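Working notes, beginning with the structure itself.
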Amino acid sequence: MSTTLPNAANRPDESVISTPPSKFDIVIDRGFRGLTGFFAWSTVSLVFFIVYEVGGKAMPAIKTHGLSFLTTQTWDLQNEQFGVLPEIWGTLYSSILALMIGGFFGISIAIFLTQDFLPRKVEWVFKNIVELLAAIPSVVYGLWGIFVVIPTLRPSAIWLHENLGWIPFFGTSLSGPGMLPAALVLAIMVLPTVSAISRDSLSNVPGKLKEAAVGLGATRWEAIFGVILPTAAKGIFGALVLGFGRALGETMALAMLVGNSNQMSISLFSPGNTLAALLANHFPEAGEKEEPVLMYAALVLLGITLLVNICGAFVLSHTTRRAAGGQK
Amino acid sequence: MNEEEITAAFEGVDFPRLERSLRHPRTLISVVLSLGTGITTVIACIPLFSVLFMLVYRGGKKLSTELFTELPPTAFEQGGGFGNAIVGTAVVVSIAAAIAIPVGVLTAVFLAEFGPDSKTASVTRFCAKTLTGLPSILAGVFAYAAVVLATGSYSAPAGGVALSLLMLPTIILTAEEAMRMVPRKMKEAAIGMGCTRTQVAWKIVLPTALPGILTGVMLAVARAAGETAPLLFTALFSNYWIFEDGQSQLMEPTASLAVFIYNFSGMPFENQIEMAWAASLVLVLLVLAINITGQLISSRAKSR
């Protein structure tokens, strides 16, 4: 560059450099900012539009069935008797079971992959394997559940029922689809969510806290239980709540594995139903009578999941804000 | 004091022993727990390998070109394929992407560039996070109420609307994240040259953040391609091609791979069940391929 001195011919016109944005640029700028703002608001209004649409279509059913819809157990199309208590029970029961299994595995994986047990490369491999679990479509898990999980579980389920049948959890025998296979597959599906978010909050714990604990003579696990887990507790709690929200709304695997039977039972092996599975199984063939009722069921599911997810998002945003504040 | 005096002075004092031997319960517990978490992690990998093994074992032997070119078999028919379902999935996901990408990216531009700390932005972010947790079947119920009932028919666009709802939050959140990574100095330099904020967004931020945005889009597309529940009563299913004799039947029920698997998995015929496995293999390979491409784009951009 030193060889060519700028001469008058290729020196840029100074007036071009110093020109402020033209009126046209400013109009475009305003317009574009307005447009993005409009899209931001449209995302917000989308949430309300969903509630409005589903609620509006459910209105006739809400008027005729009222709150008894939530507390009765029959689903009788002929006599127009509808109640979703078994479905609410099934949704909560399967999700809680799944969260207990998936939460345990998710949190121990998160600990194992953040506390320097393994070389970085091996950690990376395991992390990706767990994340790949989330990439498998739910319907494929359903298929796998039918042909792998149920046959694998059946012998031990039958043994448990015959020998320990007096325990309510083993009260019925597993004939095919049922609560336990559904909950197991559900657990696999919430595992990546729980472990990813827990891992984030565990790796956000300042390293000095752990070093201090180890310096005082704590073993690795005393440091984890005494210092690291309590510091990351809120994040892990948020992860569990979001995992629970995910489990509540999961549809296909449950529609294929839970048995689609309108009954309430505490037994792990008895078939049941969930709100999402009810929708998946009945909606495609619903007539005019059934449609508003299903919309009502959808509204109930929407209410439950929105509540749980908002709680989870709130807990998580609270923790990240505090963590960010602490760093400053 | 020399060493002997020190030893003498502390004789009889019971110091906690610092060495770690397995005879100490504390150390033992620590080792057992470490092994325990290790084993749990390995157990958690079993389902993935089991699923992949079953897909290759039961779906792999069925793989042939007919699968991609023929229509689904009827009850007692042998052979057949799911070509129309692959085309259908592509069409429905494209419609969803065409809706979700512009809305999502422009929303993210607002969140990252124009009003990152405004009330609007925090409300929008919160709604996007809430939408992430929207059960997929409710996206279907919404699209049914808003599109199917309005247009009077099950159709590909109805399925597209349902899937776009599920893609939107992923795109918004990852695109915002990607745009925030753009170095502030680049933007300041552009503003110093007299650029408007819009020009900064279009010429500096979007091109720089492109790999990150693409990764988000890929993840969203991969998720949408595997979704079944929202398509059950929006796109429904069809045993015929969506484009035939030069005519498109966009406003008719449309086949998709995911619904194909669901329908065929419950059938009592061996051929149909094998087809469901083969379709699952194709779907999983497709989803994984999109996912891995997304990851590659982002890691390529990071290493630059």
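Restricting attention to segment A:296-316, does a residue exist that is touching a Ser or Thr at 6+ places or on another chain (Cβ under 7 Å), open to solvent by 40 Å² or more (accessible area, probe 1.4 Å), under 20 Å from A:LEU92 (Cβ atoms) and of a type in the set (Val, Ile, Thr)?
Scanning segment A:296-316 turns up at least one residue that is touching a Ser or Thr at 6+ places or on another chain (Cβ under 7 Å), open to solvent by 40 Å² or more (accessible area, probe 1.4 Å), under 20 Å from A:LEU92 (Cβ atoms) and of a type in the set (Val, Ile, Thr).
Before we move on, is B:VAL123 open to solvent by 30 Å² or more (accessible area, probe 1.4 Å), of a type in the set (Val, Ile, Thr), at the interface with chain A (Cβ under 7 Å from one of its Cβ atoms) and farther than 20 Å from A:ARG30 by Cβ?
Values: open to solvent by 30 Å² or more (accessible area, probe 1.4 Å): yes; of a type in the set (Val, Ile, Thr): yes; at the interface with chain A (Cβ under 7 Å from one of its Cβ atoms): yes; farther than 20 Å from A:ARG30 by Cβ: yes.
Criteria met by B:VAL123.
Condition check ((1) touching a Ser or Thr at 6+ places or on another chain (Cβ under 9 Å); (2) touching a residue at least 12 places away in the same chain (Cβ under 8 Å); (3) open to solvent by 10 Å² or more (accessible area, probe 1.4 Å)) across all residues:
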| position | (1), (2), (3) |
| --- | --- |
| A:PHE147 | yes, no, yes |
| A:THR152 | no, no, yes |
| A:ASN163 | no, no, yes |
| A:ALA182 | yes, yes, no |
| A:ILE188 | no, yes, yes |
| A:ARG199 | yes, yes, yes |
| A:LYS208 | no, no, yes |
| A:GLY217 | no, no, yes |
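For segment B:46-82, which positions are more than 14 Å from chain A (Cβ to nearest Cβ) and part of a helix (DSSP H, G or I)?
Result: B:GLY60, B:LYS61, B:GLU66, B:LEU67, B:PHE68, B:THR69.
State which residue is farthest from A:HIS161 (Cα to Cα) when the search covers only segment A:250-290 and only residues that are among the charged types (D, E, K, R) and surrounded by fewer than 20 Cβ atoms within 10 Å (Cβ to Cβ).
A:GLU288
So that you can scan it fast, the table gives a plain yes or no per residue for (1) modelled with pLDDT under 90; (2) over 30 Å from B:LYS119 (Cα atoms):
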position: A:PRO6; (1), (2): yes, yes
position: A:SER42; (1), (2): no, no
position: A:VAL51; (1), (2): no, no
position: A:PHE69; (1), (2): yes, yes
position: A:MET100; (1), (2): no, yes
position: A:PHE112; (1), (2): no, yes
position: A:GLN115; (1), (2): yes, yes
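It is to be established whether one or more residues within segment A:74-86 are within 14 Å of chain B (Cβ to nearest Cβ) and either open to solvent by less than 20 Å² (accessible area, probe 1.4 Å) or part of a loop (DSSP other than H, G, I, E, B) (or both).
Checked against the condition, which is being within 14 Å of chain B (Cβ to nearest Cβ) and either open to solvent by less than 20 Å² (accessible area, probe 1.4 Å) or part of a loop (DSSP other than H, G, I, E, B) (or both), segment A:74-86 yields no hits at all.
So B:ALA97 ticks every box in (1) open to solvent by 40 Å² or more (accessible area, probe 1.4 Å); (2) at pLDDT 90 or above; (3) more than 11 Å from every other protein chain (Cβ to nearest Cβ) but one. Which box is left unticked?
Here B:ALA97 clears every test but (1).
Check whether at least one residue in segment B:111-122 is under 25 Å from A:GLY56 (Cβ atoms) and assigned to a helix (DSSP H, G or I), and report yes or no.
No, segment B:111-122 has no match at all.
Could you check how many residues of segment B:256-266 are in contact (Cβ under 8 Å) with a residue 60 or more places away in the chain and more than 21 Å from the chain's Cα centre (by Cα)?
Qualifying residue count, segment B:256-266: 1.
If you check A:PHE104, A:PHE69, which single one turns out to be of a type outside the set (Lys, Arg), within 14 Å of chain B (Cβ to nearest Cβ) and either open to solvent by less than 20 Å² (accessible area, probe 1.4 Å) or assigned to a helix (DSSP H, G or I) (or both)?
Answer to the selection: A:PHE104.
The values are calculated or read from the model by the stated rules, or taken from the named source; none is laboratory data. Note that the coordinates shown come from a computational prediction; the quantities given were computed from them, not determined experimentally. Counting neighbours? That spans all protein chains shown, and the Cβs are built from the backbone with ideal geometry, glycine included. Surface accessibility is based on the protein's heavy atoms, side chains included, excluding ligands, DNA and RNA. Shrake-Rupley method; radii C 1.70, N 1.55, O 1.52, S 1.80 Å.
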